[in-house]
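K.L.:
The following block contains the structure, expressed as structure tokens.
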Amino acid sequence: MIKINSLYKSFGNLEVLKGIDCEINEKEVVCVIGPSGSGKSTFLRCINLLEEVTDGSIYIDGVKINDTKTNINEIRKEVGMVFQQFNLFPHMNVLNNITIAPKRIRKMHEVEAVDLAYQLLEKVGLQDKAEAYPEQLSGGQMQRVAIARALAMRPKIMLFDEPTSALDPEMVKEVLDVMKQLAVEGMTMVVVTHEMGFAREMGDRVLFMDEGVIMEEGTPSEVFGQPKNSRTQDFLSKVL
Amino acid sequence: MDFLESIRFDMIWNYKELFIRGLWVTLGLTAVGYIGGVILGLFLGIGKLSKIKWIYYPCKYYVDFFRGTPLLVQILLIHLAVIPSIFGHSLGYFVSGATALMLNCAAYNAEIIRAGIQSIEKGQMEAARSLGMPKREAMKQIILPQAFRRMIPPLGNELIALLKDSSLVTVIAANDLLYASQVVAGAYQRFYEPYVTVAILYLLLTWVCTRVIAYVEKRYSNSYIPRRRRTFSFSRSSVGG
């Protein structure tokens, strides 16, 4: 589904990604872990071109996305993203946050879009918040709305960029529960996270990134159980 | 009390039609200049955020020129040189005056609008783009509605500044508010009454503007929740569709 070949990304002179090769299959949940500054988020943001790729290629469903001929807006319709800071639109209520993209981009009819929004709100357990504004919600609720908003475009892939890192501890679970449900339903997911419990439980595969490369990858039991790389061992000993 | 008794407001009264006309001219120049200035400023402000050089530089030089030269000079240049050389003759003080005020106001508004747009968190644009929105759509639906709220106070200041600066069009014989007082001053060779009157009239106008701006500011401050709903709690038990 996603195929990444020797991906390089530099910010000025700072090289953040130094040759990433990776393949993500349909319905797979891939968790990306690693220390801060290892390039995890940049890697994720390259997948929907929020970051311009310096070198290498990314294919989604066989289409090279970092090609000037590719319409990136078409690609992004199929790739949902959830941000650490939620990034809900504060000037719209929850319902409009969710329906704006289907209505404007998918040209979905108002009634249909609202119907879809309520279905998604039910899925994330927030049917009663449709009329609320983001400022009236807790962090956990905002992040669940953000997930619903991304899902409203019916994406094939969901990217999560540290979705629980900005949350108070008691709200982490409600967001992770929604993500688990998505994983169970067979969504293709790439999750950058510090939640090792989630990675271990839900990940089909875990990538350990450090210094701009994938240092180690494998099933959760391989990476968490018998990490081969000394950097992985070192990292896991600090976080577990 | 000699001084008070010697004040002759009757002469203002004799020229009241000139003052009323002046009031309308001042308001007209300000309104046209400001509305045009906001619209043009919006394009210039967005242009100044462009990464494309042939968009960025013309916008930048435009703003630099109109902010870096006196409005008085701009008015004279437009009225006496630019418009006659384009149309072959003058189009009258109103066209020249309104054009100069608009072009000048646009330069200041451009900076306000640019700063307003830049003040919106980067994540908002990213979220919109990640949903597949084209940049223009994201700007229109997501960024500008938020940015405009932050622009209200500085844009309000700009309106008041423009209202006062519109008095400079007197130099091209526009019969605005200031012009009316000059006529009275010339006719009677008295200066307190006409200029105090015109000062009071400008003060009244700016006061009204200040009140309106304060109202708009209050209405759109702090919260995005519509006022009528702010006191409600949000319990909607039935799930509609």
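The values are calculated or read from the model by the stated rules, or taken from the named source; none is laboratory data. This structure is a prediction, so every number in the text was calculated from the model and none was measured. Note that each Cβ is placed from the backbone with ideal geometry, even for glycine, and that neighbours are counted across all protein chains shown. Protein only, heavy atoms only, side chains kept; ligands, DNA and RNA dropped before computing areas. Shrake-Rupley method; radii C 1.70, N 1.55, O 1.52, S 1.80 Å.
K.L.:
For chains A and B, what's the summed buried accessible area, probe 1.4 Å, to the nearest 100 square angstrom?
P.N.:
Protein heavy atoms only, the A-B interface buries about 2800 Å².
K.L.:
Given just the C-alpha atoms of the range A:135-240, how large is their convex hull per residue in cubic angstrom?
P.N.:
Given the Cα convex hull of the range A:135-240, per-residue volume reads 117 Å³.
K.L.:
Please compute the per residue accessible area over the range A:192-240 with all protein chains in place, 1.4 Å probe, rounded to a whole number of Å². Can you show the working numbers first?
P.N.:
On the way: 2370 Å² over 49 residues.
That works out to 48 Å² per residue.
K.L.:
While we're here: Which one of B:Thr170, B:Met139, B:Gly47 is farthest out on the positive end of the charge dipole of the protein assembly as shown, using unit charges on Cβ (Lys, Arg +1; Asp, Glu -1) and the Cα centre as origin?
P.N.:
The residue sitting most towards the positive pole is B:Thr170.
K.L.:
Let me ask you something else. Taking each pair of different alpha-carbon atoms in chain A once, compute 1/r for the pair, average those values, and report the inverse of that mean as the Kirkwood hydrodynamic radius in Å to one decimal. Before the final figure, lay out each step's value.
P.N.:
Values: mean 1/r = 0.0544 Å⁻¹.
Kirkwood radius, chain A: 18.4 Å.
K.L.:
Ok, one more. Enumerate by residue number the GluC sites (Glu not before Pro) in the range A:134-193 meeting two conditions: DSSP loop (anything except H, G, I, E, B), and at most 16 other Cβ atoms within 10 Å of the site's Cβ.
P.N.:
Loop-located and lightly packed - A:Glu185.
K.L.:
Indicate the gyration tensor shape class of the range A:65-132 (rounded, prolate or oblate), computed on the Cα atoms with a ≥ b ≥ c the square roots of the eigenvalues: a/c under 1.5 is rounded; otherwise a/b larger than b/c is prolate and the rest oblate.
P.N.:
It is prolate, given that a/c is not under 1.5 and a/b is the larger ratio.
K.L.:
For the range A:73-112, state which residues have at least 20 Å² less accessible area in the presence of all protein chains than in their chain by itself, taking the probe as 1.4 Å and leaving out ligands, DNA and RNA.
P.N.:
Residues meeting the cut-off: A:Asn73, A:Arg76, A:Phe83, A:Asn87, A:Phe89, A:Pro90, A:His91, A:Ile100, A:Ala101, A:Arg104, A:Ile105.
K.L.:
To the nearest 20 debye, what charge dipole does the range A:86-137 have about its Cα centre, counting +1 at the Cβ of each Lys and Arg and -1 at the Cβ of each Asp and Glu?
P.N.:
The dipole of the range A:86-137 has a size of about 280 debye.
K.L.:
Summarise the accessible area of chain B (1.4 Å probe, protein heavy atoms) by the percent that is carbon and sulfur.
P.N.:
Numbers: 8690 of 13250 Å².
Heavy-atom surface of chain B belonging to carbon and sulfur, 1.4 Å probe: 66 percent.
K.L.:
Let me ask something additional. Tell me the per residue accessible area of the range B:12-224 using a 1.4 Å probe; a whole number in Å² is fine.
P.N.:
For the range B:12-224, the per-residue accessible area is 51 Å².
K.L.:
Right, next: To the nearest 10 degrees, how steep is helix A:110-123 against the longest Cα principal axis of chain A, on a 0 to 90 scale?
P.N.:
60
K.L.:
First check a/c for chain B, with a ≥ b ≥ c the square roots of the eigenvalues of its C-alpha gyration tensor; if it is under 1.5, answer rounded, and if not, answer prolate when a/b is larger than b/c or oblate otherwise.
P.N.:
oblate
K.L.:
Also: If the limit is 19 Å between Cα atoms, which of A:Lys77/A:Lys129; A:Lys64/A:Lys156; A:Lys9/A:Lys64 go over it?
P.N.:
Working: A:Lys77/A:Lys129 25 Å; A:Lys64/A:Lys156 16 Å; A:Lys9/A:Lys64 16 Å.
Going by Cα-Cα distance, A:Lys77/A:Lys129 fall outside the 19 Å limit.
K.L.:
Still on this structure: Rounded to the nearest 10 Å², what accessible area does B:Ser223 have for a 1.4 Å probe in the complete protein model?
P.N.:
The value for B:Ser223 is about 10 Å².
K.L.:
May I ask for the angle, rounded to the nearest 10°, between helix A:139-151 and the longest principal axis of chain A, with both axes built from Cα atoms and the value confined to 0 to 90°?
P.N.:
Value to nearest ten degrees: 90.
K.L.:
Compare B:Tyr61, B:Tyr192 by solvent-accessible area with a 1.4 Å probe and give them largest first, with all protein chains kept in place.
P.N.:
Most to least solvent-accessible, the answer reads B:Tyr192, B:Tyr61.
K.L.:
Which trypsin sites (Lys or Arg not before Pro) from the range A:158-240 combine a DSSP loop assignment with at most 14 other Cβ atoms within 10 Å? Mind showing how you got there, number by number?
P.N.:
Values: sites: A:Lys173, A:Lys180, A:Arg200, A:Arg205, A:Lys228, A:Arg231, A:Lys238; in loops: A:Lys228.
The qualifying sites are A:Lys228.
K.L.:
Return the residues of the range A:129-146 for which accessible area with all protein chains present is lower than in the chain on its own by 40 Å² or more; set the probe to 1.4 Å and exclude ligands, DNA and RNA.
P.N.:
SASA drop of 40 Å² or more in the range A:129-146: A:Glu131, A:Tyr133, A:Glu135, A:Gln136.
K.L.:
Where does chain A land at 222 nm, in deg cm²/dmol rounded to the nearest 500, when only DSSP H runs of n ≥ 4 count, each adding -39500 (n - 2.57), divided by all residues?
P.N.:
So the calculated ellipticity at 222 nm is -11000 deg cm²/dmol.
K.L.:
Amide H neighbours of A:Thr188 under 5 Å, counting only residues 5+ apart in sequence or on other chains, H built in-plane at 1.01 Å?
P.N.:
Counting only residues 5 or more places away or on other chains, the set is A:Lys27, A:Met158.
K.L.:
Still on this structure, please answer the following. Compute the acute angle (0 to 90°) between the alpha-carbon long axis of helix A:230-239 and the principal axis of greatest extent of the alpha-carbon atoms of chain A; round to the nearest 10°.
P.N.:
Compared with the principal axis, the helix lies near 40 degrees.
K.L.:
So, one more: Where does chain B land at 222 nm, in deg cm²/dmol rounded to the nearest 500, when only DSSP H runs of n ≥ 4 count, each adding -39500 (n - 2.57), divided by all residues? Write out the running numbers ahead of the final one.
P.N.:
Details: 12 runs with 170 residues, N = 241.
Roughly -23000 deg cm²/dmol at 222 nm, from the helical runs in chain B.
K.L.:
Are there GluC sites (Glu not before Pro) in the range A:1-93 that DSSP marks as loop and that have at most 12 other Cβ atoms within 10 Å, and which are they? Before the final figure, lay out the partial values.
P.N.:
Values: sites: A:Glu15, A:Glu23, A:Glu26, A:Glu28, A:Glu51, A:Glu52, A:Glu74, A:Glu78; in loops: A:Glu26, A:Glu28, A:Glu51, A:Glu52.
Answer by residue number: A:Glu26, A:Glu52.
K.L.:
Where Rh is the Kirkwood radius over the Cα pairs of the range B:18-98, the temperature 10 °C and the viscosity 1.306 mPa s, what D in µm²/s does Stokes-Einstein return?
P.N.:
In µm²/s, the coefficient is 110.
K.L.:
Calculate I(q)/I(0) for the protein assembly as shown by the Debye formula, one identical point scatterer on each C-alpha and no solvent, and give its log10 at q = 0.06, 0.09, 0.11, 0.13 Å⁻¹ to two decimals.
P.N.:
-0.42, -0.76, -0.95, -1.16
K.L.:
With every protein chain left in place and a probe of 1.4 Å, what is the accessible surface of A:Asp168, to the nearest 10 Å²?
P.N.:
Approximately 80 Å² for this residue.
K.L.:
How large is the accessible surface of A:His91 in square angstrom, using a 1.4 angstrom probe and rounding to the nearest 10?
P.N.:
Number for this one is 40 Å².
K.L.:
Hey, any idea what % of chain A's accessible area is carbon plus sulfur with a 1.4 Å probe?
P.N.:
Whole-percent figure for carbon plus sulfur exposure: 45.
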